[in-house]
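Notes follow once the structure below has been shown.
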Amino acid sequence: MNKQRFEQVIAAMQSGGLDQILITEDRALSYLTGSKANAMERVGALLIKSNGEVHSFMNKLFRFPHIEGIVAHDYVDGEDPYQMIADELMPGKVGFDDTWATKHTINILKKRDDIIPEVGSWPVNASRAVKDAEEIRLLKHSSNVNDQAIAYGIANISETITEKELADKIDDFFNANGGVNVGQWQVVCYGANAADPHHEPDGTLVKAGDEVLIDIFTPINGYWCDMTRTVYWKEVSDHQREVYEVVKKAQQAAIDAVKPGVALKDIDAAARNVIAEAGYGEYFITRTGHGAGLSVHETPFCSPDSKDIAAVGNCFSIEPGIYIPGDTGVRIEDLVIVTEDGCDVLTVYPKDLQVVGL
Ligand SMILES: [Mn+2]
């Protein structure tokens with residue numbers, strides 16, 4: 001049990017006015033308990049109360065190791081874990097994890113007509129958003145591997161291998177360096193395919209004058225890296241160069257805007273304004289960034305409607321782009337960690353326009 005993390009969660013509950021939450025998401029459970037116990041389709045939950053009381057509910061097949069300070073309610077198949085949970089709930093608001101299968105939530109609601117369900121992931125998300133020293137060390141390690149992977153990917157662009165083959169080579173590189181493929185594909189786009197932000201690599205081959213957009217990510221020791229670089233194969237047009245330089249300037253503007261206390265919507269605006277002023281506003285069709293940690297997309301979010309405020313220890317991506325269908329696409333992405341006076345950029349692979357294959 002990570003006492004500091006529980007304390008952060010409880011502090012968030014107290015300031016947000018939520019007195020009980022049911023935490024059920026795998027990564028949230030392991031973040032708090034240090035155990036990878038996973039109930040799969042069965043019931044596995046931590047009930048955290050704002051007075052500091054913590055209960056666990058887990059099938060005996062998967063139970064958490066004995067954890068000091070947590071009241072364990074282990075059940076066997078045939079027993080009713082919903083009743084066990086219902087018996088411990090106080091009347092009033094209950095925060096449910098936003099990813100818990102509906103069947104579980106409904107089974108609990110049916111047993112208690114005096115509780116008010118709310119989405120209750122945010123106290124744990126708020127704690128997870130502030131990385132501690134060990135998490136920062138792991139994130140830096142992952143990004144360091146990612147810097148090597150992007151160099152490997154760019155060095156392996158060739159007119160004889162398809163997008164899919166290059167994506168698979170990058171996956172192999174990650175796997176050989178601690179990465180885990182959890183079903184994601186590495187994004188490799190040649191030419192106008194780069195105008196689709198989540199293009200699935202296919203049989204396309206690269207040709208002179210194509211942009212090559214590579215967006216790669218994997219968890220290493222549980223912590224994700226995520227970066228994008230766009231380079232040009234053999235030649236680059238003035239139009240491609242102009243678009244590239246706008247994205248590069250926008251990305252730097254957002255990085256320069258990062259410091260504690262700044263609203264993430266204003267960091268998003270820093271990038272968005274550069275792109276809009278250059279006349280490409282309608283082609284910046286994504287948010288500027290997302291938090292990264294145990295999940296590849298997590299709190300905080302850097303978007304026009306974000307309510308998140310940058311705090312020391314936040315880790316998130318800065319990845320503006322311009323996507324002109326049928327024409328060109330550019331994205332440049334780094335992960336940053338908020339520091340006392342700005343941010344550390346975790347990925348250092350160069351961002352000056354690069355023509356490769358010469
Ligand atoms: Mn990303």
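The values are calculated or read from the model by the stated rules, or taken from the named source; none is laboratory data. Nothing here was measured: the structure is a model prediction, and the numbers come from that model. All Cβ positions, even for glycine, are placed from backbone atoms using ideal geometry, and neighbour counts span all protein chains on display.
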*Would you mind finding the one in ILE214, ILE154, ILE136, ILE220 that is in contact (Cβ under 8 Å) with a residue 60 or more places away in the chain, of a type outside the set (Phe, Trp, Tyr) and over 18 Å from SER317 (Cβ atoms)?*
ILE154
*asked:* With the requirement that a residue be over 26 Å from ASP196 (Cβ atoms) and among the β-branched types (Val, Ile, Thr), what does region 288-325 give you?
replied: THR299, ILE309, VAL312
_Residues (closer than 21 Å to LEU138 by Cβ and assigned to a helix (DSSP H, G or I)) located in region 159-190_ = ILE170, ASP171, PHE173, PHE174, ASN175, ALA176
*Look through VAL296, VAL348, VAL330, VAL336 and report the one residue that is in the same structural domain as CYS189 (by TED's automatic domain parsing), within 15 Å of the ligand (Cβ to nearest atom) and farther than 21 Å from ALA269 by Cα.*
VAL296
*Please name all residue pairs, on different chains or six or more residues apart, with Cβ atoms under 9 Å, provided the first residue is in region 167-185 and is in contact (Cβ under 8 Å) with a residue 60 or more places away in the chain and the second residue is of a type in the set (Phe, Trp, Tyr).*
GLN184/PHE217
_Residues being assigned to a strand (DSSP E or B) and touching a helix residue (DSSP H, G or I) at 6+ places or on another chain (Cβ under 6 Å) - total across region 1-20_ = 0
*Any residue at all in region 103-120 that is assigned to a loop (DSSP other than H, G, I, E, B) and under 23 Å from GLU7 (Cβ atoms)?*
yes
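Condition check ((1) of a type in the set (A, V, I, L, M); (2) assigned to a strand (DSSP E or B); (3) within 16 Å of the ligand (Cβ to nearest atom); (4) at pLDDT below 95) across all residues:
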{"position": "MET227", "(1), (2), (3), (4)": "yes, yes, yes, no"}
{"position": "THR230", "(1), (2), (3), (4)": "no, yes, yes, no"}
{"position": "GLU242", "(1), (2), (3), (4)": "no, no, no, no"}
{"position": "GLN252", "(1), (2), (3), (4)": "no, no, no, no"}
{"position": "LYS259", "(1), (2), (3), (4)": "no, no, no, no"}
{"position": "ALA270", "(1), (2), (3), (4)": "yes, no, no, no"}
{"position": "GLU282", "(1), (2), (3), (4)": "no, no, no, no"}
*Considering ALA278, ALA254, which residue is within 26 Å of HIS199 (Cβ to Cβ), buried (at least 21 other Cβ atoms within 10 Å of the Cβ) and either in the same structural domain as LEU346 (by TED's automatic domain parsing) or not β-branched (Val, Ile, Thr) (or both)?*
ALA254
*Would a scan of region 56-64 turn up a residue that is loosely packed, with under 15 Cβ neighbours inside 10 Å, in contact with an Asp or Glu (Cβ under 9 Å, 6 or more places away or on another chain) and basic (Lys, Arg)?*
yes
*Filter region 14-37 for residues that are of a type outside the set (Ser, Thr, Tyr) and under 13 Å from PHE96 (Cα atoms) and give the result.*
LEU18, ASP19, GLN20, ILE21, LEU22, ILE23, GLU25, ALA28
_Residues of region 187-201 that turn out to be more than 12 Å from the ligand (Cβ to nearest atom) and farther than 16 Å from GLU159 by Cβ, as a count_ = 6
